[in-house]
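Structure first, then comments.
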Amino acid sequence: MIGATSGIGNELAQILIQNGYKVGITGRRLAELERLKKRNPEHFIVSSFDCTKENNSKKLNDLVDQIGGLDLLIFSSGTGNLNKSLDFEIENKTNLLNVNAFTEIVDRTFNYFEKQGNEHLVAISSIAGIRGSGIAPAYNASKAYQINYLEGLRQKATKVKMPIYVTDIRPGFVDTDMAKGDGQFWVATNEKASRQIFGIIQRKKEIGYVTKRWWFIAKLLWLVPNAIYKRM
Ligand SMILES: NC(=O)c1ccc[n+]([C@@H]2O[C@H](COP(=O)([O-])OP(=O)(O)OC[C@H]3O[C@@H](n4cnc5c(N)ncnc54)[C@H](OP(=O)(O)O)[C@@H]3O)[C@@H](O)[C@H]2O)c1
């Protein structure tokens, strides 16, 4: 679980344990990982690292060795901030994690799975990736990148005729540290959202909206003409 120190990744890691998985948990905040491990010391394996730093692949390889293999990787790490003044530092921080580190980790995972033959890659993108945002441009654009990238990997898996499943989870609002800004609605509890995400993972679905009714919002967003969307 990439990004298990808080929010969706933290909750999902606990659900996985309840369902018999052995789970490698990562994130920068070691204390949070240790707190999680205390709940089930035998089945949680801790590795604290920053996904945007150079040592990430070594850390991930070591973790996979400690677990004894990998058949499901969930990329839940993510960041994004409101950025009305277009401060490049803010945008760059978002891109470094949601675009660069995401690409590096899902690529390495896909290549690993291709050698193994039959595994499952999951990433938490966002409903935000459907259209652009004037108040958090990099966040929405980075989530659009993830959505598009995962579609590409799904096509690649089909072409190489490998049973590698690629699941794109697109949450609406979930009550975690990440949920920022005014005007939020249909905010799901983390427990409910994570339970639904686990169900989507079990069914190996390609795309899952969380909670389910965000599917309607996605359809609506696609339908709004540019001339209207830019004024919203
Ligand atoms: N909450 C929502 O409303 C919502 C809606 C749509 C999509 N999402 C997506 O869901 C995913 C999980 O977010 P969340 O809501 O659970 O928020 P969260 O509680 O803030 O979790 C974010 C996770 O990302 C990790 N992370 C941040 N920077 C990192 C870095 N440089 N290296 C490694 N890990 C890093 C954090 O761990 P450390 O800080 O310990 O490193 C934390 O575990 C994100 O991709 C987010 O975009 C959330």
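Figures for the structure shown
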read-out	value
Among (1) in contact (Cβ under 8 Å) with a residue 24 or more places away in the chain; (2) under 16 Å from the mean Cα position of the chain (by Cα); (3) within 11 Å of the ligand (Cβ to nearest atom) - the single one L72 does not satisfy	(3)
Considering residues of the range 6-22 that are touching a helix residue (DSSP H, G or I) at 6+ places or on another chain (Cβ under 7 Å) and buried (at least 24 other Cβ atoms within 10 Å of the Cβ) only, the residue nearest to F44 (Cα to Cα)	A13
Selected residue [among the β-branched types (V, I, T) and either crowded, with 18+ Cβ neighbours inside 10 Å or closer than 21 Å to Y209 by Cα (or both)] from I135, I130	I130
Residue selected from the range 171-193 under the condition farther than 15 Å from L12 by Cα and within 7 Å of the ligand (Cβ to nearest atom), by the criterion modelled with the lowest pLDDT	A179
Hey, N118 among the polar types (S, T, N, Q), surrounded by fewer than 18 Cβ atoms within 10 Å (Cβ to Cβ) and within 17 Å of L221 (Cβ to Cβ) or not	no
Flag for E89 being surrounded by fewer than 16 Cβ atoms within 10 Å (Cβ to Cβ) and not in a helix (DSSP H, G or I)	no
Residue that is nearest to E119 (Cα to Cα) [pool: residues in the range 201-229 that are β-branched (V, I, T) and surrounded by 11 or more Cβ atoms within 10 Å (Cβ to Cβ)]	I201
Leading residue by the ranking (nearest to I200 (Cα to Cα)) among those in the range 6-28 that are within 7 Å of the ligand (Cβ to nearest atom) and not aliphatic (A, V, I, L, M)	G9
Failed item, numbered, when V166 is tested on (1) in a strand (DSSP E or B); (2) of a type in the set (A, V, I, L, M, F, W, C); (3) more than 23 Å from F102 (Cα to Cα)	(3)
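Let's see how each residue does on (1) within 16 Å of the ligand (Cβ to nearest atom); (2) crowded, with 18+ Cβ neighbours inside 10 Å; (3) not aromatic (F, W, Y):
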site	(1), (2), (3)
L30	yes, no, yes
P41	no, no, yes
C51	yes, yes, yes
D62	yes, no, yes
S76	yes, yes, yes
G80	yes, yes, yes
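The values are calculated or read from the model by the stated rules, or taken from the named source; none is laboratory data. Nothing here was measured: the structure is a model prediction, and the numbers come from that model. Cβ atoms come from the backbone with ideal geometry, glycine included; neighbour counts cover every protein chain shown.
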